[in-house]
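Have a look at the structure below, then the notes.
The values are calculated or read from the model by the stated rules, or taken from the named source; none is laboratory data. Being a predicted model, the structure only gives us computed values, none of them experimental. Here Cβ is always computed from backbone atoms with ideal geometry, including for glycine, and neighbour counts include all displayed protein chains. Keep in mind that these areas ignore ligands, DNA and RNA; they rest on the heavy atoms of the full protein, side chains included. Shrake-Rupley method; radii C 1.70, N 1.55, O 1.52, S 1.80 Å.
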Amino acid sequence: QVQLVESGGGLVQAGGSLRLSCAASGRTFSNYIMGWFRQAPGKEREFVAAISRFGSTKSYTDSVKGRFAISRDNVKNTVYLQMNSLKPEETAIYYCAATSRTGVPPISDRAYEYWGQGTQVTVST
């Protein structure tokens with residue numbers, strides 16, 4: 001089993017930045033591709049970013065390219081999401097997820113086996 005705990009959310013003004021963290025415990029962290037998803041009230045869960053097991057491949061949804069950066073530290077068993085130039089429409093609960101799949105990091109939430117509890121990000125106008 002893998003347990004995931006997100007942190008770093010909060011309230012920021014439009015144009016501000018936040019750095020989210022996801023700490024993992026359980027099986028070897030490097031066995032898993034890691035992803036970030038978000039869900040706004042009344043909306044479906046949306047892919048944000050993903051990173052391969054050793055960080056060599058990263059993927060992002062088009063709307064965050066150039067503003068967000070995903071990274072991981074396999075010694076600390078932690079994945080990060082640096083979010084810059086935040087927009088009000090990006091207000092959502094942000095979730096960390098892990099999958100034992102191999103290859104290209106998947107963008108479907110159905111591919112991920114383990115999920116954190118989420119952390120709230122609120123971007124004010």
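The table that follows gives values for the structure above.
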quantity: Pairs, first surrounded by fewer than 17 Cβ atoms within 10 Å (Cβ to Cβ) in the stretch 5-22, second among the aromatic types (Phe, Trp, Tyr), C-beta under 8 Å, six or more apart; calculated: Arg19/Tyr80
quantity: The stretch 8-56, residues that are of a type in the set (Ser, Thr, Tyr) and either in contact with a Phe, Trp or Tyr (Cβ under 6 Å, 6 or more places away or on another chain) or more than 18 Å from Val75 (Cα to Cα) (or both); calculated: Ser17, Ser21
quantity: Subset of the stretch 105-118 (residues that are open to solvent by 20 Å² or more (accessible area, probe 1.4 Å) and either more than 12 Å from Gly35 (Cα to Cα) or in contact with a helix residue (DSSP H, G or I) (Cβ under 6 Å, 6 or more places away or on another chain) (or both)); calculated: Gln117
